[in-house]
């Protein structure tokens, strides 16, 4: 069974964070510059929330297209669902669908290990299915041929 730790290992360890008191404009610039859809919001070394493009779009819509001078704290999701490295990929899928979450932080106790995105999940599941498919094809290809003393079933 595919686990979150395996997805993180393949994904890499680049992680972008911000503090709740940082300006929204700085968060927007960071997300744009690095072509990412979320920032993990950390305060005093602990997970304080998540900021995704969803919150940014809602905020900008409320502000007539302007970013304004507010801080991340005013728009972040301060209670994001999180998973552990041992969480199964199927459980992550269920949580993403149930909570409408495109990004889920991975926590090992109080330590932030990474973020799993909807894209990460899709890629991991496609790769796992391709691997399984290749293994089945190899198994079938290596199937022992019938010998002459084998009688077909009537």
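All of the numbers you see were taken from the coordinates with simple rules; none came from a lab. As the structure is a prediction and not an experimental result, all values here were calculated from the model. All Cβ positions, even for glycine, are placed from backbone atoms using ideal geometry, and neighbour counts span all protein chains on display.
Taking the chain as the reference, fit the longest principal axis to its C-alpha atoms, fit the long axis of helix 53-62 to the helix C-alpha atoms, and give the angle between the two in degrees, 0 to 90, nearest 10.
It is inclined by approximately 30 degrees.
Suppose R0 equals 30 Å. What FRET efficiency, 1/(1 + (r/R0)^6) with r the Cβ-Cβ distance, do residue 95 and residue 69 give to the nearest 0.05?
That pair, residue 95 with residue 69, gives E of 0.30.
Fewest first, what order do 1, 42 take by the number of other Cβ atoms within 10 Å?
Least to most surrounded, the residues fall as 1, 42.
Direction-averaged shadow area of the convex hull around the Cα atoms of region 60-117, nm²?
Approximately 5.1 nm², given one-decimal rounding.
Among DSSP beta bridges lying fully in the chain, give the percent that are antiparallel, nearest 5.
Working: 15 of 18 bridges.
Just about 85 percent of them are antiparallel.
Quick check: Cα centre of region 37-51 to Cα centre of region 65-116, how many Å?
For region 37-51 versus region 65-116, the Cα centre distance is 9 Å.
Just from its helices, what would the mean residue ellipticity at 222 nm be for the chain, if runs of 4 or more DSSP H residues each count -39500 (n - 2.57) and the sum is divided by every residue, rounded to the nearest 500 deg cm²/dmol?
Per the formula, -13000 deg cm²/dmol.
Expressed as an acute angle from 0 to 90° and rounded to the nearest 10, what is the orientation of the C-alpha long axis of helix 89-99 relative to the principal long axis of the chain?
The answer is roughly 40 degrees.
Which of 88, 38 comes first, and how do the rest follow, when ranked by fewest Cβ neighbours within 10 Å?
In increasing order of surrounding Cβ atoms, one gets 88, 38.
Arrange the following residues from fewest to most other Cβ atoms within 10 Å of their Cβ: 26, 58.
58, 26
Which shape class, rounded, prolate or oblate, goes with the chain when its Cα gyration tensor gives a ≥ b ≥ c as root eigenvalues, a/c under 1.5 marks rounded, and past that a/b bigger than b/c marks prolate?
Here the chain falls in the prolate category.
How far is helix 24-34 tilted, in degrees, relative to the longest principal axis of the Cα atoms in the chain, given as a value from 0 to 90 rounded to the nearest 10?
30
Below 8 Å, C-alpha to C-alpha, sequence gap of six or more: please give me the relative contact order for the chain in percent.
24
Pulled fully out, how much extra length does the chain show between residue 127 and residue 57, if you take 0.36 nm times their separation in residues and subtract their Cα-Cα distance?
22.0 nm
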